Structures are given as C-alpha cells and as structure tokens.
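Presented below is the structure to which this report refers.
The values are calculated or read from the model by the stated rules, or taken from the named source; none is laboratory data. Since the model is a prediction, treat every value here as computed from it, not as a measurement. Virtual Cβ from ideal backbone geometry, glycine too; neighbours counted across all protein chains shown.
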Amino acid sequence: MLGLLYKDFTAVKGKKFLVFVAAMTLLFVVLRVAFPGTAELEGFMAMDQDGNEVNIIDAFFLVFVLFNVIMAGNWSNMLVGRVVAHDGKNKIRNYLSTLPVGKKAYIISKFSFILAATVFVSLVLYIWCAVLEAFTGVNFTDGLVKLVKDFLPSFFAIVLLLASFELPMNIFWGREKAMIVKVSFLMLCGFFVIGFLLFGDLSVFNRIDIEKVMIWTATHAKGIKLFTRLFPVGVLAMFFGSCFLTSVAYEKKRNLNY
C-alpha cells in the first residue's frame, strides 16, 4: 500500500509541490509578521464605515489567502484525473496485475492518496488563516477571517464529494471519457443558468429580502453551525462508501477480464 501511495506521490511531482508549499508558507509567515495589521503603516491606513482607522494590508493578505483556497481546491480536484491518467499512460495496471498486489489495494490507494492530499492542503491553509488572524488589526473585520477559517473543512469536503464521483469514473472510463462527462454536465448547468437569465422570471430576485435572510441566519445560527460540522463527516462517510463500492466493482471487473 505504501508503495502505491509513493508511486502516486512521485507521479504528481509531490516533492516539488512540498518544497513550493513550504517556501510559500515561510514567505507568508515572514510577510505577515513583518507587516501586521496592528501596526500603523504609512500608505496603508484608511477609515472604515464606523470611522475607525484600519490597516488595509489585512485585506490584501485576506484576498491572497482566499485566492489560494480556490487554487488549492482546483489543484486537489485535478489530482483525481492525474493519478489515474499516469497509470493508464504508463500501463501501470497491467504491470501491477503481475505482482502480488490485491486489486482492492489499488483502488484504496487512489482514494487514500486523494484524501491525504486534500487533508494536507486544508491543514496548510488553516495554518495560514491562523497566522493571518493572529496578526489582524483591532478594527479590521476579523470575523471574516474567522469565517474563512471555519469554512475550510466544508470547502474541502465539497472537493472530496466531487472526488467520490469523479474517481470511479476516471478509473473505469479513463480520464478522457470522464472529462467529457464532467464538461458536459458543467455545460448543461451553464445552459440552464443562461436560459433562466434570458427567459426566466428574474423578478424572483427582487422579492428576496436581505434583512429577513440575515435575521433567519442569526436565528438559526446554531443549526447552521451544526450542519457545517456534520457536513464534512457525512462527506467522509460517502467518500469511504464510494471507495468500498469502487474496489468491489473493480475486483469483479478484473476477475472477468482474466
């Protein structure tokens, strides 16, 4: 199993990625410590809506973190296709069939690698958010930083949710066919949105009362918080279920081929 995981690690150039992440993390920490939001830096001071003086450099760091959260989610999603495509390109599956390696072990290694990579990236970004929050100015909207940090588990749970569907498709159909299905689904969603904007009843947006939405959110804050805690747990259960079903189906398929 460890050998299969290391194979996937080298296939996606994991060492270079680790060096890049370590360098970016060190640079981020150094810059955050050197330019804290608690300091009055000339050229970076502004007044907020309440008349308080704030250091807008906090906003720059926050945007940088948000950008990297989106990029990390996209990177984690791309791994799904890359680890499978590498095996198909180099005929790794045929080679493994000659070794004393269980067919289920191959599938479990793929799911384990995606899970490990997603958790690792999530932890790194959580550390970034913690550093960002530790040096945030007093008058800056630090609640927004905390919101981003609390949302990370749910964000990467969505990545795992997509992977639980995409990984089986890539394994059984190949990367190209899986990509066609994925792109077709996204295009269908895009056509639906465009069709609604062109021909739908847009007056429904005018009936949305932002104040009522905020009141409802505040009223059900405990329930929303509970959902954000349980959502990653439910996704993990679905992810493991997808791993189990995929391994069973893959084993049966390989047995039929032989």
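So if I check each of Val30, Val63, which one is β-branched (Val, Ile, Thr), at pLDDT 80 or above, over 17 Å from the mean Cα position of the chain (by Cα) and loosely packed, with under 11 Cβ neighbours inside 10 Å? It would help to see each step written out before you state the result.
Values: Val63 fails: over 17 Å from the mean Cα position of the chain (by Cα).
None of the others qualify; the one that does is Val30.
Among residues of the range 216-231 that are closer than 16 Å to Lys149 by Cα, those with a Cβ under 8 angstrom from a residue that is acidic (Asp, Glu) and assigned to a helix (DSSP H, G or I), sequence gap 6+ or separate chain, pair up as Thr228/Asp150.
Considering only helices (runs of 4 or more DSSP H) fully contained in the range 130-240, which possess at least 3 residues that are at pLDDT below 85 and more than 25 Å from the chain's Cα centre (by Cα)? Walk me through it before giving the result.
Values: elements: 142-173, 175-199, 203-206, 210-219.
By residue number, 175-199, 203-206, 210-219.
Residues in the range 99-112 that are modelled with pLDDT under 80 and either of a type in the set (Asp, Glu) or in a helix (DSSP H, G or I) (or both) were compared, and the one that is surrounded by the most Cβ atoms within 10 Å (Cβ to Cβ) is Tyr106.
Scanning the range 167-192 for residues that are surrounded by 13 or more Cβ atoms within 10 Å (Cβ to Cβ) and polar (S, T, N, Q) yields a single hit, Asn170.
Restricting the range 113-138 to residues that are of a type in the set (Ser, Thr, Tyr) and farther than 16 Å from Val233 by Cα leaves a set whose member that is surrounded by the most Cβ atoms within 10 Å (Cβ to Cβ) is Thr136. Pairs meeting the criteria (first residue in the range 73-84 and in contact (Cβ under 8 Å) with a residue 12 or more places away in the chain, second residue of a type in the set (S, T, N, Q) and buried (at least 20 other Cβ atoms within 10 Å of the Cβ), beta carbons under 7 Å, at least 6 apart or on different chains) are Ser76/Thr118; Val80/Asn170; Gly81/Asn170; Val84/Asn170.
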